[in-house]
Amino acid sequence: MKDSSGVSGGELLAAIGLVRRTARRAVRQAWEQEPLPPAQGELLRLAASRPGITVADAAQELRLAPNTVSTLVGKLTSAGLLTRSRGPQDARTALLTVTDSARRRLAQWRDLRAELTGQALARLTPGDRRALAAALPALQRLAEGMETSDRAA
């Protein structure tokens, strides 16, 4: 369904998805290390943004089954990218923290992605760059609105 501007939610999400997939592919091609599977990368980014997050909270946030997150935690721990510690009140609760190696890896990935995106932006016309810059506040409000409605559901 299109609104009065002629933009449909499906078209917007398709364009955003295309940009994300293309950016991910470009970084994977330029990346010198073995890339992580997407689910492992998502968990690692979440644990970096929320040090001490529990497996249950990570599962809820990523909308994955707790046993799936436990499997991902095991793989990331074996790779030296994540540490698991016991919760202070309940020893059965695992608290997740990224390692220094994981922090460096995430920063390198983020920097490479930003560099490649910057190069692609530089190849756009000035008008296209202005249009994208003008759209950023609206995209942020859209995300906030979607997050708010997601919590209400």
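A short reminder: the numbers here are calculations on the coordinates, not readings from a lab. Values in this document were obtained by computation on a predicted structure and should not be read as measured data. A quick note on method: Cβ atoms are made from the backbone with ideal geometry, for glycine too, and the neighbour counts reach across all protein chains shown.
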With angles folded into 0 to 90 degrees, how steeply does helix 38-49 sit against the dominant principal axis of the chain? Use alpha carbons for both and round to 10.
80 degrees
Relative packing of peptides 38-49, 5-16, 100-111 - highest average C-beta neighbours within 10 Å first
38-49, 100-111, 5-16
Full-extension gain in nm, R28 to E147, via 0.36 nm per residue minus C-alpha separation
40.0 nm
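Treat region 17-111 as a sphere of radius equal to its Kirkwood radius over Cα pairs and apply Stokes-Einstein at 25 °C in a medium of 0.890 mPa s; give the translational diffusion coefficient in µm²/s, rounded to a whole number. Spell out each step's value before the answer.
Numbers: Rh = 13.9 Å.
Rounded to a whole number, D works out at 176 µm²/s.
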Using helices alone, I'd like the mean residue ellipticity at 222 nm for the chain: each DSSP H run of four-plus residues gives -39500 (n - 2.57), total over residue count, nearest 500.
-23000 deg cm²/dmol
Separation of the A120 and R50 label points, Cα + 7 Å toward Cβ, nm
2.8 nm
Length-normalised contact order of the chain, Cα under 8 Å, at least 6 apart, in percent, tallies to 20 percent
Heads up, region 41-87 by the C-alpha gyration tensor (a ≥ b ≥ c square roots of eigenvalues; a/c under 1.5 rounded, else a/b over b/c prolate, else oblate) looks rounded
